[in-house]
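A quick write-up on the structure given underneath.
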Amino acid sequence: MRASVRVEAEGCTTKALIGAGSFVADGKVLTVAHVVAGADEVHVVLADGSRVDAEVVAIDRLKDLAVLDVDSPTLPLPRGTMRPGTRGSFVVYRNEMPIAQQFEAMSFVDINAPDIDHGGSSLRRGYQLRAQVASGDSGAVLVADGVATGVVFARSTATNGKAWAVDISEADALLAAAAASNDAIDIGECV
């Protein structure tokens, strides 16, 4: 819970786009690109309820991942892997309050999903989940056995209780780029 944040991105719609994320490196929050792409301002709400500025320092619009630089001493989650059948939790926000949701990793799969700009598709490694995912949960980081293992990016519109998450290893290059520079980057257009 302490490493989780609520992500608020302003500038693409009349209301802020809402997502989730977690600290997975010192001062770095991992979330999804479709929440922050094109935003004029990004903030995160920390576990203690404080709202702080965030800067998008790395983005992959094809794999739907983004890294935010956040000035906070919050300890990051270690990153690791999990196998199908693993159970864990992810933190989402309901009525602006953090709550832990449970998940089960049903399978480890290659996911060929549309990129956030709907200009094509992108292959990413990830998980098919048994989990209750709602609007605003995108970017929530899966935690199993104390380590961050994936990032929720979509839910099934056909099957209740089914969702998908990209494997945490897909963010390695983004996290390395973010560690090399804290400069703001071009995050592209709104989606």
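What the table shows:
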quantity: Highest-MSF residue in the chain out of 123, 17, 175 [GNM, Cα springs under 10 Å]; calculated: 123
quantity: Spin-label pair residue 83/residue 190, simplified geometry with 7 Å Cα→Cβ offset, distance in nm; calculated: 4.6
quantity: Computed Kirkwood radius, in angstrom, where 1/r is averaged over Cα pairs of the chain; calculated: 16.1
quantity: Fluctuation leader among 82, 97, 106 - the chain, Gaussian network, Cα springs under 10 angstrom; calculated: 97
quantity: Environment charge of residue 163, counting only residues whose C-beta is closer than 13 Å and scoring Lys/Arg +1, Asp/Glu -1; calculated: +1
quantity: Estimated FRET transfer efficiency (residue 10, residue 107; beta-carbon r; R0 41 Å; 0.05); calculated: 0.65
quantity: Choice from 174, 142, 65 showing the highest fluctuation, given a GNM over the chain with Cα pairs closer than 10 Å; calculated: 174
quantity: FRET efficiency estimate (nearest 0.05) - Cβ-Cβ, residue 135 to residue 169, R0 22 angstrom; calculated: 0.25
quantity: Debye, to nearest 20: dipole size of region 39-174, +1 on Lys, Arg Cβ, -1 on Asp, Glu Cβ; calculated: 780
quantity: Candidates per trypsin sites (Lys or Arg not before Pro) in region 1-36, loop by DSSP, up to 15 other Cβ within 10 Å; calculated: 2, 15
quantity: In nm, spacing of pseudo-spin labels at residue 179 and residue 1 (7 Å Cα→C-beta vector); calculated: 3.0
quantity: Those residues of region 104-128 whose amide nitrogen sits under 16 Å from the label point placed on residue 156, 7 Å along Cα→Cβ; calculated: 104-112, 127-128
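Throughout, read-outs are computed from the coordinates displayed, never taken from laboratory work. Remember, it's a predicted structure, so these values are computed and weren't measured experimentally. Here the Cβ is made from the backbone with ideal geometry for all residues, glycine too, and neighbour counts use every protein chain on show.
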